[in-house]
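Visitor: Please find one structure pasted underneath; my questions will follow.
Only the coordinates and a few stated rules stand behind these numbers; no lab work does. These numbers were taken from a predicted model, which means no experiment stands behind them. Reconstructed Cβ throughout: ideal geometry from the backbone, glycine too, with neighbour counts over all protein chains shown.
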Amino acid sequence: MSLRRFLRRIYRGLPIIQELRETNANLAALNDTLKRCASVAWPIAMAHDPRWSDPKRLLRYAAQTFSQNGEDGMIAEIFRRIGTTDRTFVEIGTGNGLENNTTLLLAQGWRGWWIDGDEQAMSRIRRAFAQPLAEGRLRARCAGVTAENIAQLCAELKLPNQFDLLSLDIDRNTYHLWAALTDYRPRVAVIEYNSNYPPDVDWKAAYRPDLVWKFTSYFGASLKAFEQLGRARGYALVGCDFSGVNAFFVREDLVGERFAQPFTAENHYEPPRLGVTTRVGARAAFDDTPRRERKPKA
């Protein structure tokens, strides 16, 4: 036995180490319990708030399969009301693909493009979504997206000018990226907003393409800023998820009387409730493709 393994065995046998392990296990169990309580509490909260009783409000239809905050159900309800055309999506800022806003659509036969600047996340996408990638239903591109290069990138990927759904989440510069997408007219847009700012405040982070989000409250733009940008682009703000993360916009020519009015930040704003709709239960997976096993520790 090597000296290193001998010392490790002694270390693991110390009473304080065993107590720390038990504490960590108890904390993990408590965290799981709190998540389960939260996952039950938020639908109950909606059921008892008269603001959410309006059947035209999207939040009533929130549900999770892959999305983080009930977006799957809200997106499905939007398209139930307005219908679909090409069943095509574009998502910018996808992470590893297992907790984004378009994975359920992909599972339902949609096709589209995923773009993310994280090579590690893109590598996981190539493994976890090998089948739709091979079929050509999914195209993934690793690229850092800016307001300056987004038009060229979209042209290189041969994105259609009109398609069913755009999902946009690049944290710090999300507002400026949507503002730069002037040549593209998706029917629906799901945009991350900064719910730390009240609904009547027009605020946006200064554009810095060389910077990324530093996990502070300085990122993106307020809901009011997105409401005004959307209106200038011909979109109506029709809802937000319960966690105060994503806002939903529908092209004005498709809105009609289908959604809750007025289409303002004051009407649809949801405050930050991060973690309330966290998924509990089995780990998300797109198919049964074997994942790389972790080597057991010596």
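Visitor: Full-extension gain between TRP203 and ASN149, please, as 0.36 nm times their residue separation minus the C-alpha to C-alpha distance. Working shown, then result.
Guide: Values: separation 54, 0.36 × 54 = 19.44 nm, distance 2.39 nm.
The TRP203-ASN149 span can extend by a further 17.0 nm.
Visitor: In nm, what is the difference between 0.36 nm times the number of residues separating THR65 and LYS158 and their Cα-Cα distance?
Guide: Details: separation 93, 0.36 × 93 = 33.48 nm, distance 2.90 nm.
Gain in length upon complete extension: 30.6 nm.
Visitor: Full-extension gain between GLN18 and ARG51, please, as 0.36 nm times their residue separation minus the C-alpha to C-alpha distance. Spell out each step's value before the answer.
Guide: Numbers: separation 33, 0.36 × 33 = 11.88 nm, distance 5.00 nm.
Extra length from GLN18 to ARG51 when fully extended: 6.9 nm.
Visitor: Hand me the tally of lysine pairs in segment 52-268: alpha carbons under 25 angstrom apart, and the pair either on different chains or 8 or more positions apart. Mind dumping the intermediate values first?
Guide: Details: LYS56/LYS224; LYS204/LYS214; LYS204/LYS224; LYS214/LYS224.
Counting lysine pairs in segment 52-268 gives 4.
Visitor: Here's something else I'd like to know. From a point 7 Å beyond the Cα of GLU252 in the direction of its Cβ, which residues of segment 186-223 have a backbone N at a distance under 16 Å?
Guide: What the label zone holds, given the 16 Å backbone N cut-off, is 186-189.
Visitor: Sort 19-27, 133-141, 163-171 by packing, meaning the average of other beta carbons within 10 Å per residue, with the highest value first. The partial results should precede the final answer.
Guide: Values: 19-27: 10.2, 133-141: 14.6, 163-171: 22.3.
Taking the mean over residues of other Cβ atoms within 10 Å, the ranking is 163-171, 133-141, 19-27.
Visitor: Related question: Scattering from the C-alpha atoms of segment 52-268 alone, worked out with Debye: what is log10 I(q)/I(0) at q = 0.08, 0.18 1/Å?
Guide: Computed log10 I(q)/I(0) values: -0.25, -1.43.
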